[in-house]
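The values are calculated or read from the model by the stated rules, or taken from the named source; none is laboratory data. This structure is a prediction, so every number in the text was calculated from the model and none was measured. Each accessible area value is taken on the protein alone, full model and side chains, heavy atoms only, with ligands, DNA and RNA left out. Shrake-Rupley method; radii C 1.70, N 1.55, O 1.52, S 1.80 Å.
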Amino acid sequence: QVQVVESGGGLVQPGGSLNLSCAARGSALIINDMGWYRQAPGKQRELVATITRGGSITYADSVKGRFTISRDNAKNTVTLQMNSLKPEDTAVYYCKTRQWPATDYWGQGTQVTVSS
């Protein structure tokens, strides 16, 4: 069993920055992909950014150049640095980790609100 614990999030003005962190906890962890997804009210959950164990990264077009994902394989953590935030970035952000070979575990979600 894998526990996914998120931290960060909150209220920020447009143009501001936030950092989200996520840690996968459990025994015999072999974490493959890690990533962030978000869900705005009335919308489907969407991919924000993912990173493989080897460091390959995928970003949603809407966040390219503004968000940066990184991970620490030794600590089983992933972070999302979000800069130049826009009101349309407002959503609940979820961390997902994939335990080898292919079981996904989700965090409880953390609210990000971008508003003046």
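Rolling a 1.4 Å probe over the protein heavy atoms gives the chain an accessible area of 52 Å² per residue. In region 20-116, the portion of solvent-accessible area held by carbon and sulfur atoms comes to 48 percent [1.4 Å probe, whole percent, DNA, RNA and ligands not counted]. Of Ser21, Ser84, Ser70, the residue with the greatest mean-square motion in the GNM of the chain, using alpha carbon springs below 10 Å, is Ser84. Across the chain, the mean sequence separation of Cα contacts (distance under 8 Å, 6 or more residues apart), normalised by length, yields a relative contact order of 37 percent.
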